[in-house]
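The values are calculated or read from the model by the stated rules, or taken from the named source; none is laboratory data. The structure presented is a predicted model; accordingly, all values stated were derived computationally and were not measured. Cβ placement follows ideal geometry from the backbone for every residue including glycine, while neighbour counts extend to all protein chains displayed.
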Amino acid sequence: MSGEIPKVLLVDDDKDLLQLIAMRLSAAGYNVNAVESGEAALASLAVSRPQVVVTDLRMQGMDGMALFDAMHRDSPSLPVVILTAHGTIPEAVSATRRGVFSFLTKPFEPKVLLDTVAEAMRLSSPPTGERESWRGEIITRSSAMEDLLAQARRVAASDASVCIFGQSGTGKELLARAFPKACSSPSSSGIRKDRSPAPSPIAGVSSRRRPAARCSSTKSATCRSRCR
């Protein structure tokens with residue numbers, strides 16, 4: 001990511017609002033790809049992956065939550081910020097439980113949006129030096145493993161309880177050693193690994209408090225760590 005302008009995919013079927021938000025994000029230094037539908041967003045994602053997605057909730061055709069679900073299936077670590085003028089507390093709670101990074105109700109202050117995108121960007125795209133320092137033992141070219149590492153880093157930035165599970169030889173020990181280094185605090189309790197077979201060929205990370213960073217498992221979680 002060093003030297004690259006961070007990318008934001010912006011989705012809204014209101015052309016005026018789309019242009020306004022795109023201008024604000026561009027002025028903040030982001031490379032903004034603005035599209036007017038969920039379908040166009042998925043087509044764009046297939047060509048170039050952004051670090052953060054900002055989408056309206058109510059849109060013609062595919063709405064914001066349907067777009068999130070489609071993106072989340074292939075890119076579970078991609079932060080998605082949803083904007084809405086009709087949001088309710090239950091909707092916001094439901095969205096965050098499903099893994100949405102943030103749920104902002106219109107009208108919102110420009111600073112709130114910029115701060116939210118900046119936080120999502122920080123978790124999605126750590127500086128190269130930081131990335132090397134915490135995951136230096138893990139060498140991979142697998143997009144699936146990169147997604148898993150991004151999930152792990154997001155969990156490490158929280159105070160969530162964590163389970164690392166997977167089949168033998170999938171990298172649980174390496175990930176367990178990397179976790180404390182990714183924590184925002186230098187202290188961390190010991191980490192144990194669940195050696196039960198998992199349905200995925202790579203290690204998985206399960207978080208109790210961060211649904212956005214959870215991988216499903218057929219086995220119950222038997223190990224936890226906490227970064228405070």
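Here are ALA46, ALA41, ALA28: which of them is at pLDDT below 95 and assigned by TED's automatic domain parsing to the domain that holds ASP115?
On the way: ALA41 fails: at pLDDT below 95; ALA28 fails: at pLDDT below 95.
Going through ALA46, ALA41, ALA28 in turn, just one is at pLDDT below 95 and assigned by TED's automatic domain parsing to the domain that holds ASP115: ALA46.
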Which numbered condition GLY61 misses (of (1) under 26 Å from ALA144 (Cβ atoms); (2) touching a residue at least 24 places away in the same chain (Cβ under 8 Å); (3) not basic (Lys, Arg)): (1)
Scan (1) loosely packed, with under 15 Cβ neighbours inside 10 Å; (2) in contact with a strand residue (DSSP E or B) (Cβ under 6 Å, 6 or more places away or on another chain) for the single condition LEU104 breaks and write down its number. (1)
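A quick yes/no check of all residues on (1) surrounded by fewer than 13 Cβ atoms within 10 Å (Cβ to Cβ); (2) modelled with pLDDT under 90; (3) over 23 Å from ILE5 (Cβ atoms):
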| position | (1), (2), (3) |
| --- | --- |
| GLY64 | no, no, yes |
| PRO76 | no, yes, yes |
| ILE82 | no, no, yes |
| ILE89 | yes, yes, yes |
| GLU119 | no, no, no |
| ARG122 | no, yes, no |
| GLU132 | yes, yes, no |
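Quick one: which of ILE89, ILE82 is closer than 20 Å to ALA118 by Cβ and either under 19 Å from the mean Cα position of the chain (by Cα) or outside the structural domain of ARG153 (by TED's automatic domain parsing) (or both)? It would help to see each step written out before you state the result.
On the way: ILE89 fails: closer than 20 Å to ALA118 by Cβ.
Answer to the selection: ILE82.
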Can you pull out every residue in the stretch 6-49 that is more than 21 Å from ASP74 (Cα to Cα), in a helix (DSSP H, G or I) and touching a strand residue (DSSP E or B) at 6+ places or on another chain (Cβ under 8 Å)? LEU17, LEU18, GLN19, ILE21, ALA22, LEU25, SER26
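Being crowded, with 18+ Cβ neighbours inside 10 Å and of a type outside the set (Asp, Glu) narrows it down to one of ILE5, ILE21, so name that one.
Working: ILE5 fails: crowded, with 18+ Cβ neighbours inside 10 Å.
After ruling out the rest, the residue left standing is ILE21.
Please enumerate the residues belonging to the stretch 14-37 that are over 19 Å from MET121 (Cα atoms) and in contact (Cβ under 8 Å) with a residue 12 or more places away in the chain. Don't jump to the end; show me each part of the working.
Going through the stretch 14-37, the residues over 19 Å from MET121 (Cα atoms) turn out to be 14-20, 35-37.
Scanning the stretch 14-37 gives ASP14, LYS15, LEU17, LEU18, GLN19, VAL35, GLU36, SER37.
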Looking at GLU146, GLU137, can you tell me which residue is modelled with pLDDT of 75 or more, outside the structural domain of GLY29 (by TED's automatic domain parsing) and surrounded by fewer than 21 Cβ atoms within 10 Å (Cβ to Cβ)? GLU137
